[in-house]
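Notes to accompany the following structure.
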Amino acid sequence: MTTQVTAFRWVPPFAQGYVRDLRVRWALEEAGLPYEAVLIDGATQASADYRAWQPFGQVPAYRDAGVEMFESGAIVLHLAEGSEALAPRDAAGRARVTAWVLAALNSIEPFAQAQIHFGAFDPANAWAAAKFAQTQALLDSRLAALSAWLEGKDHLEGRFTAADLILTTVLRELVDNGTLGRFPVLAAYRERCEARPAFGRAMAAQLSTFRENAPA
Ligand SMILES: N[C@@H](CCC(=O)N[C@@H](CS)C(=O)NCC(=O)O)C(=O)O
C-alpha cells in the first residue's frame, strides 16, 4: 500500500506552512519514501472513523503497510527506525535521537506555545502581560541552554537526524514574534535545516494543497 498521511484540505493563511503534517512529509522526503496526503476537513475530524485513527481528530495521522498511528513525533521516530537518513543505525545513536525528539516536544515546545499564547493578548491586559513575561523568561532559559549546546555545531548529534527535523519545526514558530532572532546560533541552525531540499519539497506540498483548495 502507499503510505498515507492526513492533512487539512485548507487552513487560514496564518497557519499555512505550520500544520504538523509538515513534520511527517519532511521525514518521508528525507527518507525518500513516497506517500499520499489524505485530505480532511471539519466533518472528517469529528467522524467516528477518523477518531479511530486519530483519537483527538487532529492531523497528522499516518498509516503504512505495517502500522496505523498518530502523533507527529511518534510518526517521525517510527520513520527514523527504518531510515538511515533520519537516524544512525546503532541503538545508542537512535536512543540519542529519541532523547532529543522528546526534548524538543516536551522541554521546549510547551514553553514556546505558552509564550505564543500569552503574546497574543492585548499588552494592556496586566494579567496577560505578567503571564507573558513569565513564559518568556522560562522559554528564554531553555533557548539559552539549547544555544549553548549547538554553539559551534551544525546539528544536535553530529549529523542531521529526525531530532533536528522536529526541533526545527518547533523553533520556526518563534521567528515571527522575534524570539528566535535574539538567539543567533538557533536562528542560523533553523535556517541551515530549512535549507535542506527535503524541507522545501515538504513545504511546497503542504502549500500547494491549500492553494488548490482555497475557498472562492
Ligand atoms: N501533538 C500532536 C498535535 C497535533 C496538532 O496540534 N494538530 C493540529 C494542526 S497543527 C490540529 O489538528 N488542530 C486541529 C484540532 O486540534 O482540532 C502532534 O504532534 O501530532
message = Suppose every Lys and Arg Cβ carries +1 and every Asp and Glu Cβ carries -1, with no other charges. What dipole size does the chain come out with about its Cα centre, to the nearest 20 debye?
response = 240
query = Pick from VAL101, VAL170, VAL38: which residue has the top mean-square fluctuation in a GNM of the chain where Cα pairs under 10 Å get a spring?
reply = VAL38
inquiry  = Taking loop as defined by DSSP and a crowding limit of 15 other beta carbons within 10 Å, which GluC sites (Glu not before Pro) in the range 1-106 fit?
reply    = GLU84
note = So for R0 = 30 Å, FRET eff. of ALA214-ASP122 from the Cβ-Cβ r, to 0.05, ends up at 0.50
task = Mind telling me which of ARG20, ARG190, ARG63 comes out most flexible in a GNM of the chain, alpha-carbon contacts under 10 Å?
result = ARG63
remark   = Given unit charges at Cβ for Lys, Arg (+) and Asp, Glu (-), the dipole magnitude of the range 1-77 about its Cα centre in debye, nearest 20, is 180
Karplus-derived 3J(HN,Hα), 6.51/-1.76/1.60, for each residue of the range 145-154, Hz, glycine and proline x = 5, 5, 4, 4, 5, 8, 3, x, 10, 7
query = Which whole-Hz couplings ³J(HN,Hα) result when phi for each residue of the range 52-60 is put into the Karplus expression 6.51 cos²θ - 1.76 cosθ + 1.60, θ = phi - 60°, listed in order with x for Gly and Pro?
reply = 6, 9, 10, x, 9, x, 9, 10, x
note = Over its alpha-carbon atoms, the chain yields an Rg and a Dmax in Å of 17.8, 55
message = To check you understand DSSP bridge types, tell me what percent of the beta bridges within the chain (both residues inside) are antiparallel, rounded to 5.
response = 45
ask   = What are the ³J(HN,Hα) values, in whole Hz, obtained from phi via the Karplus relation 6.51 cos²θ - 1.76 cosθ + 1.60 with θ = phi - 60°, for each residue of the range 179-190 in sequence order, with x given for Gly and Pro?
value = 5, 5, x, 7, 10, x, 4, 6, 5, 5, 4, 4
query = If you build a Gaussian network model of the chain, linking Cα atoms that sit under 10 Å apart, which residue out of ALA198, ALA112, ALA48 swings the most?
reply = ALA48
remark   = The farthest towards the positive end of the charge dipole of the range 1-151, of the residues THR135, ALA48, SER147, given +1 on Cβ of Lys and Arg and -1 on Cβ of Asp and Glu, is THR135
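Rule-based calculations on the coordinates, nothing more; no lab input. The model shown is predicted, which means the values in this text are computed figures rather than measured ones. Positions of Cβ are backbone-derived with ideal geometry, glycine not excepted, and every protein chain shown enters the neighbour counts.
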